[in-house]
Amino acid sequence: MLPSPGLSASSRWPSWDPDRIAKAALLAVFALLVAITWQKWGSLFVDCGREMFIPSAIAQGKRLYFDLWYPYGPLVPYWHSILFRIFGAHLEILYASGLTIVATLSLVLYSLSRIFLPVSWSFVSSFTFLGVALQLSIFNYALPYSYPGAYSVLLIVTLVRLLAIDPFAISPGRLALCGLLAGATMLTKSEFGVAALAVLLFSIAVRGIAAASAPESIRSIARDFLYALPGPLAAAGIYAWLISRSSADFIFGDNIPLLSTSYFVSAFGARWNQMLGLSSSPSVLLPSAASGIFNFALVAAALALCSTSRFPWLAWAALTGVVSGINLLARTNFLKIESLRPFADRTLSSFFFNRGMIWISVLALVGSAMVWIRTRQISKQTAALMILAAAAVATALRVFTGISLFGYAVFYGALPFVAWLAVLYRVTQRWRLARSVALAFALTVCASMAASTWMSFVPSQPRARIAHPRGSISIDAQSAAAFQELLAFLEGVRAREEKFVVWPEEAAVYYFSGALPPNRWYILTPGILPPGSKTVEYLADLDRQNVRYVVLSNRLTPEYGTLKFGADYNQQPYQWLLENYKPIRTIGAFERVAEPAPWGVMIYERKRR
C-alpha cells in the first residue's frame, strides 16, 4: 500500500524529505524550461501586444475602459501599470510577473495535489503544468495572450488549496482570505471570477450541510458567508462604480463582452464557444463523455491489472511498450492496416490528457453527493474531493469538451487534471495499487507529456532578437526585420508630432514606439468595433485629429471565421482608408492574400485636400 497521500514520508526516511526533493526537481525543470525558451514566448502581432501596451498607457495617464478598450477585469492592468511606474515600462517586468506565476503555481498545484495524492503523482500534476505553461505560442504564462488568464489560474488554485486542506475546520481568517481571493479573481477574468465565487459558495454549503443539525447548518452557512463576503463585495463595488461612471452596456458590452447584446457575443459568441469546446449539443457531449470515461477506465484497469502481477513494474513496462509499439507502427503505416489508424490517434498521451477528461470530475462530484445522501455522512477526504471536482468543472466549463495540452485550454486544464489524478488514485486504491506500478505510472505520464509537447519549445523558424529600450523579444527573423524597420519609421513620425494608427491589431507597435492611439479603439479585429454609428464616430474622430498615417498589416483572423480586414470584416474603415489615404511604403512581406508570407505592413499617408 502507498503511504497516506496527505502525509510526508520524512518520518520514515529521516535523512531526506521526498516532498522537498520533488519541489526542488520541479523548480529545476522550471529553470531548464525558462533557459530553453527565454524571451521566445508570445507574439508581437496578436493579443500579447495588448498586454504590453495597456499597462504602459495607464502608466501614462490613460483610463482603462474609458480611454482604452479592454475585455477583462481591471486588476491586472492596474497592477502591471504600478510596476511600470516603479521600474519603468519594460518587457522584463512582464516576464518576471509571468515567471513568478509559473513558479508559484507549480508549487501550489503540488501542495494541492498532496492532499489527495502521493509524492510521485503530485509531481506529475505540476510537471504537466510546467509542460504547458512555458510553450512558445501565445498560450503560455510568461508572455500570454491574456495575463488575467494566468493570474486567475493562480488565484483559483490557491483558493481551492485553502478550501480543500480541511473543509470542516476553516477559520474565520481563512474564510476571509478565500473571499479576498474570490474577489480578486472576479476582477481579473470573468469566467474565472464566476467559478471562484461558485467554488467558495459550494465549499460553504458543504461545510454547513455536514453540520449535525438543520439549525446549526443554517447558522454555519450564514456565518461563513459573512466572513467570506468582504472580498466579493469589494469586487462588486468596483464594478458598480465603473457602471455608475458610464453604464452597464458600456462596461459589459462595449468592453467586457458579457451581455448577450454586446457586439462580440451576438456576432461571434456561438462560434467562439464552439471553437473552445463549450457546447450543449448531444452530438458533442456524448462522444466527449464516452472518450473521457473510456480512457479513464482503460488506465484504471491497466493499473489494477499490473498491480496483481507477480512483477508489477515489468507488467506495466510491457503493457505501455506494446501500446507504444502498435501506435508507432500505425502512425508510420508500416503494417499497412487502415484499422490501426484510429488507434494511432489514441496515443499514451490521449489516455492521460484526452478532451473528455472533465467528465471524471462530473462523475466524482455526482457520485460523492449520492453516497453522502444515502449514508448521511461525509468524510473530510470526500468533502475535499467534492470541492476539487466542483472547482475543476467550474473552471473548465469554458472549454468543457476541449481540454488539451495546447491552445486556450492551457488556462483551464490544471484543476481538471489534478481531479482526474485524484479520482484515479482513489479508485485504484481499492485494488491495492502496487507502489512500483504507481511510480511507473508517474514516469510514464511525465514521459508522455514530454513527448507530446517538446515541439512546443522548439522554434519552427529561424529567430532574431529584437533589442529595444522597452524590452527584448525573439521572433521569426523576417518579421523581426520588418518590425524594427517600422519602429524606425515611426520614430520620425513621433519626432514630427504626427499621429498614426495601426490596423487591425498590432498594439505592440504602440508599446515599443511609446505612442498613444488617437482614441480608445486601438484594435480593430473582429468583434471589437461595432459597424454602423460607432464606426462612423471612430472614423470621424480620426478625421478630426488629422491622423497622418495608417499602418495596415497582413494579419489574418481565421479564429473568428472572418479572414481579411476590409474584405471579410470592417469594410467601412477600409473603404475610408482607400478614399482618404494613399499607399507610400511597404515594409516586410505585405500581401493581402489568403496565406500571406511573414508579417508585413503597408503604410498609408493622408491625401492632401
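The values are calculated or read from the model by the stated rules, or taken from the named source; none is laboratory data. Please read these numbers as outputs of a predicted model, since none were measured by experiment. FYI the Cβ positions are ideal-geometry reconstructions off the backbone, even for glycines, and counts take in every protein chain you see. Surface areas here come from the heavy atoms of the whole protein model, side chains and all, with no ligands, DNA or RNA. Shrake-Rupley method; radii C 1.70, N 1.55, O 1.52, S 1.80 Å.
Evaluate the charge dipole of the range 533-609 about its Cα centre and quote only its size in Debye, nearest 20, assuming +1 on the Cβ of each Lys and Arg and -1 on the Cβ of each Asp and Glu.
Numbers: 12 positive and 9 negative charges, 95 e Å.
Charge dipole of the range 533-609: 460 debye, to the nearest 20.
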Mean projected area, convex hull of alpha-carbon positions in the range 31-126, reported to one decimal in nm², is 7.9
In terms of the charge dipole of the chain, which places +1 on Lys and Arg and -1 on Asp and Glu at the beta carbon, the residue among Ser122, Tyr95, Ala289 farthest towards the positive end is Ser122
With Cα coordinates, the longest principal axis of the chain makes an angle with the long axis of helix 91-113, in degrees rounded to 10, of 20
The value for the range 145-187 (convex hull of the alpha-carbon atoms, volume per residue, Å³) is 49
Under 5 Å from the placed amide H of Arg585, counting only residues 5+ away or on other chains, we find Ile603
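DSSP loop trypsin sites (Lys or Arg not before Pro) in the range 466-505 with at most 14 other Cβ atoms within 10 Å of their Cβ, which ones?
Values: sites: Arg470, Arg494, Arg496, Lys499; in loops: Arg470, Arg496, Lys499.
Hits after loop and neighbour filter: Arg496.
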Log10 I(q)/I(0) at q = 0.13 Å⁻¹ for the range 109-235, from Debye over equal alpha-carbon scatterers, is -0.60
Taking protein heavy atoms only, a 1.4 Å probe, and rounding to whole percent, the accessible area of the range 236-328 owed to carbon and sulfur comes out at 71
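Taking the Cα centre of the range 386-509 as origin and charging only Cβ (+1 Lys, Arg; -1 Asp, Glu), how large is the dipole, in debye to the nearest 20?
Dipole size: approximately 840 debye.
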In whole Hz, the Karplus estimates of ³J(HN,Hα) for the range 268-273 (6.51, -1.76, 1.60; θ = phi - 60°; x where Gly or Pro) are 10, x, 5, 5, 4, 4
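Can you give the percent of C-alpha pairs in the range 351-478 whose distance is more than 19 Å? Provide the component values of the computation, followed by the final result.
Working: 5052 of 8128 pairs.
Roughly 62 percent, rounded to a whole number.
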Hydrodynamic calc, the range 354-424: Kirkwood Rh from Cα pairs, then Stokes-Einstein at 37 °C with viscosity 0.692 mPa s, so D in µm² s⁻¹ is 269
Sorting Ala205, Phe565, Val76 by the position of each Cα along the dipole of the chain (Lys, Arg +1; Asp, Glu -1; all at Cβ), the one nearest the positive end of that ordering is Ala205
Kirkwood radius from Cα pairs of the range 455-518 plugged into Stokes-Einstein at 20 °C, 1.002 mPa s, gives D in µm²/s equal to 165
Placing +1 on each Lys and Arg Cβ and -1 on each Asp and Glu Cβ in the chain, then taking the dipole about the Cα centre, the residue among Ser56, Leu187, Val493 whose Cα reaches farthest towards the positive end is Leu187
Square roots of five times the C-alpha gyration tensor eigenvalues of the range 140-299, ordered largest first and given in whole Å, equal 30, 26, 16
Quarter of the surface of the C-alpha convex hull for the chain, i.e. direction-averaged projected area in nm², equals 30.9
Taking Cα atoms only, helix 230-244 is inclined relative to the longest principal axis of the chain by an angle, in degrees rounded to 10, of 20
The simple spin-label model distance between Leu286 and Leu107, using points 7 Å out along Cα→Cβ, in nm, is 4.9
Taking only the alpha-carbon positions of the range 426-477 as identical scatterers, the Debye log10 I(q)/I(0) at q = 0.23 Å⁻¹ comes out as -0.90
For the range 170-185, Karplus-derived ³J(HN,Hα) couplings (6.51, -1.76, 1.60; θ = phi - 60°; whole Hz; x for glycine and proline) come out as 9, 6, x, x, 5, 5, 5, 5, 4, x, 5, 5, 5, x, 5, 5
From DSSP H assignment alone, runs of 4+ in the chain each adding -39500 (n - 2.57), the sum over residues rounded to the nearest 500 puts [θ] at 222 nm at -19000 deg cm²/dmol
Cα extents of the range 233-295 along the principal axes, largest first, in whole Å, come to 52, 29, 13
Tilt, helix 435-453 to longest principal axis of the chain (alpha-carbon atoms), in degrees rounded to tens, equals 10
Within the range 31-123, DSSP-loop trypsin sites (Lys or Arg not before Pro) with at most 15 other C-beta atoms within 10 Å are Arg63
The range 427-500: relative contact order from alpha carbon pairs under 8 Å, six or more residues apart, as a whole percent, is 15
Computed over the range 117-174, the distribution of all Cα-Cα distances in 10 Å bins, rounded to whole %, is 20, 38, 29, 12, 1
At q = 0.17, 0.22, 0.28, 0.31 1/Å the base-10 log of I(q)/I(0) from the Debye formula over the alpha-carbon atoms of the range 57-106 is -0.56, -0.85, -1.08, -1.16
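Could you rank the peptides 285-292, 477-484 by their average count of other C-beta atoms within 10 Å per residue, with the highest value first?
Ranking, from highest mean packing down: 477-484, 285-292.
So if the hydrodynamic radius of the range 500-609 is defined as the Kirkwood radius over C-alpha pairs, what does Stokes-Einstein give as its diffusion coefficient at 4 °C and 1.567 mPa s, in µm² per second? Provide the component values of the computation, followed by the final result.
On the way: Rh = 14.3 Å.
In µm²/s, the coefficient rounds to 91.
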Mean projected area, convex hull of alpha-carbon positions in the range 530-584, reported to one decimal in nm², is 4.1
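Taking the Cα centre of the range 171-307 as origin, sum charge times position over the Cβ atoms of Lys and Arg (+1) and Asp and Glu (-1), and report the length of that vector in debye to the nearest 20.
Numbers: 7 positive and 5 negative charges, 42 e Å.
My answer is approximately 200 debye.
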Whole-Hz Karplus couplings 3J(HN,Hα) for the range 139-155, θ = phi - 60° and coefficients 6.51, -1.76, 1.60, Gly and Pro as x, run 9, 9, 10, 7, 9, x, 5, 8, 4, x, x, 5, 4, 4, 4, 4, 5
